[in-house]
Amino acid sequence: MKINKIYKMKKIIISFPFSIFHLFLIFFAVSCGSPQPVVDMHIPDIDVPDSLWTPTGDSQLDSLLQLASVAPQDTSLAQLYNEIGDIYESCDFELAKEYYLKLGSLSENLHWSEGYYAYAASYSNVLAREGFCDSALVIIQQAYDRAIRENDETWMAHMIFNKGNTYLIQQWYTSALECYFEALPVYENNKDIEKLAHLYYMMAQLYRDIYNIEKAIEYGEKSVALNNKDPFAYLALGLAYATAHNYEKANIYYEKALLLNETNYNDYLQGLLYYFIASSAFSSYDINKAEKYIHLALEINRPFGPPNYYSDLILLSKVEQVKGNSKEAEKHAKEALQIAIELETLEEQKYCYSILSELAIAKGNHLESIKYWEECDLVEIAIATNLTLHATEEMAVKYETAKKEFEIEQQKTIITNQNLQRIFLASGIVVCILMLVLLLFLLRLRTRRNSELAEMNLTKDKFFNIISHDLKNPAVAQRNALQVLVKNARTWNTDTLTDYYDELLKSAEGQVELLLNLLNWSQLQTGRIAYNPETFAISELSTNFSLIRNMAENKGIAFNIQMPVNAIITCDSKMLITIIRNLLVNAVKFTATGGRVTLDISPCNDGRDVASNVSTKYTVSISDTGVGMSELHLNTLFHLESAHSHPGTAGEQGTGLGLIICKELVEKLGSKLHVDSVEGVGSKFWFNV
């Protein structure tokens, strides 16, 4: 779960309270504390086209996205939007907000109050977690006003509870407590056990933060009594006892929370529990246990990012300090300090400076110790200033709230309900249309970007596969052959050595072909092959294929070249030679001894100049009597994802890139590569130039 840097991290229990946990509980309670609209729905299992939704790899999420792609515009779809948003809230705030906005927009269009309240609760929760508490409070207040108009006491209580959670994030403890006590009677009268348990452990955390330990324990025990299957309730109670320095009892509740977490395992909660157990052990002078559990906590919390593990580093630094490992203690403290500075968490900066000062004294470096203490003093001043600002802001908000409420009451006497409804309805329609258009645009943009990324990944994977397999194997084979040669050079006769050299030469020629194909392919992918046309005689091409003729003759294959003697063409000669050479090599590779390979260049009937009756277009074809290809092979011949090497009739190897390179080069010449093939009969490739 991503925790925004504005939230305070959990704190070491030795000399200060933990605050990250109560923030985590706020997030958990806000997201779970508001009832979700329950709708009876039955949607058939329909295969949805990929163009309508993008698979994520999460089976639960993909199932919901698939349902949403075919659901009608009714409350069923709104419920799906809410569930999708809840899943995204644990990993991607932006996508979560996107689906909560869809929920709100659709609920407004349907005039469905339950969906609107669910949107307000969930969307304001995400805003608060991102640090936009003022915006969250505005949305909560709007939903609260609607609940008043509709005389919905339950949702009024939920909005008040959410407001209290937002105040707690802002550390406005008095205002938060007022909200909790206002919501409490409604939950008690409705006998809503789950929500009441959430409210109790939130109150336990609030009392713990203001050091009213008796009340913290009281409400923690109430939460456990109501829901003894909730590990968070046990953890809240354990923290209350830890703050009271009753570490033995705190550990009892930590252990119970650990056992309960095994049922519905939560990584983040597991990391918190390990951290708190380590802290209690350290405070009880059980250093070995503290060291064991803080390492377990670090192992779990590191993947969640620095904001979630730097307090673990602080505790580990204290453990190493007690064990006498000053260097390790200093390293962990400095790492934690750097994170605390980046996240602007003042309390943690103070603890790090304090530890570093103590370590400096232990080293006898008094000047460094004084420097750290001075930094610590500056941080304490900043903390005190922030506390004052928090109190001032809380009073200012209360004043502004009261003032606005008075102004609203005055406006209600002037503006009629009918006019307000018309204005809100018109505005809602416009906003919904704009949001839907924007969301459609964003979905299309994301789909296109995902397609491009998939193609890039495919190219990368193919390239790595070639390097790791097709390029490595010949090199290893050559090395092994040379080792055998060196070992037996003195004992083998001249004929044996000559045969062995011939085999090495063939292997080297195959590797050179592979490297040339890789080079050509990489240049094509990066756009470094430019089209440079020139005019030349077709007959000049024949001098470039003597090596291929030798390959064919050595394999016992007839090699024929048929081309007009005086024909002149204009194109990029290097590209044309590369295309023909690759196609000829491919033809020789897949033709057995006794077969035939033919290069034919002849005029096109539709390419003659009317005035001079001279052909201006020629057809280049390479045909063979080789193994041919099946229909399935032909359909995937030029697809990169299907490209792989097929051994030739004499065991020749390749990369599977040759034909793809030919196709792309032919297209650069402004033509198209065609192919006909019959399995067991042979193949023919041709194009116009």
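Subtract the Cα-Cα distance of residue 417 and residue 193 from 0.36 nm times their separation in residues, and report this length gain in nm to one decimal. The partial results should precede the final answer.
Working: separation 224, 0.36 × 224 = 80.64 nm, distance 3.73 nm.
Length gained, residue 417 through residue 193: 76.9 nm.
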Looking at the calculated P(r) for region 269-393, what percent of the C-alpha pair distances fall above 20 Å? 47 percent
Each label point is 7 Å from the Cα along the Cα-to-Cβ direction; what then is the distance between the points at residue 668 and residue 378, in nm? 5.9 nm
Once you have the Kirkwood Rh of region 69-184 from its Cα pairs, apply Stokes-Einstein at 25 °C and 0.890 mPa s and quote D in µm²/s. 171 µm²/s
Amide hydrogen neighbours beyond the local backbone of residue 561, cut-off 5 Å, H modeled: 599
Amide H neighbours of residue 567 under 5 Å, at least 5 residues apart or on other chains, H built in the peptide plane: list them. 538, 539
Across region 196-206, in residue order, what do the Karplus-derived ³J(HN,Hα) couplings come to in whole Hz, using 6.51 cos²θ - 1.76 cosθ + 1.60 with θ = phi - 60° and x for Gly and Pro? 5, 5, 4, 4, 4, 6, 5, 5, 4, 5, 5
Along principal axes, Cα extents of region 530-689, largest first, whole Å: 50, 34, 27
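Kindly flag which residue pairs out of 191/249; 256/331; 289/363; 289/331; 215/292; 555/668 have an alpha-carbon separation exceeding 23 Å in this structure.
On the way: 191/249 30 Å; 256/331 34 Å; 289/363 27 Å; 289/331 21 Å; 215/292 32 Å; 555/668 33 Å.
In this structure, 191/249; 256/331; 289/363; 215/292; 555/668 lie more than 23 Å apart at Cα.
With r as the distance between the Cβ atoms of residue 535 and residue 361 and R0 = 60 Å, compute the FRET efficiency 1/(1 + (r/R0)^6) and round to 0.05.
Working: r = 86 Å, r/R0 = 1.44.
The calculated FRET efficiency here is 0.10.
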Quick one: compute the contact order of region 530-689, relative version, from alpha carbon pairs under 8 angstrom and 6+ residues apart, as a percent. 23 percent
Phi angles of region 134-149, converted by Karplus (6.51 cos²θ - 1.76 cosθ + 1.60, θ = phi - 60°) into ³J(HN,Hα) in whole Hz with x for Gly and Pro, give 4, 5, 4, 5, 4, 5, 4, 5, 4, 5, 5, 4, 5, 4, 5, 4
Karplus-derived 3J(HN,Hα) from phi for region 583-589 (6.51 cos²θ - 1.76 cosθ + 1.60, θ = phi - 60°), whole Hz, x at Gly and Pro, runs 5, 5, 4, 5, 5, 5, 4
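So between residue 504 and residue 292, what do we pick up on full extension, going 0.36 nm a residue minus the alpha carbon distance?
Details: separation 212, 0.36 × 212 = 76.32 nm, distance 5.89 nm.
Extending this stretch completely gives an extra 70.4 nm.
No lab work stands behind these numbers, since they all come straight from the coordinates. Bear in mind that the values here come from a model prediction, so they are computed numbers and not experimental data. Reconstructed Cβ throughout: ideal geometry from the backbone, glycine too, with neighbour counts over all protein chains shown.
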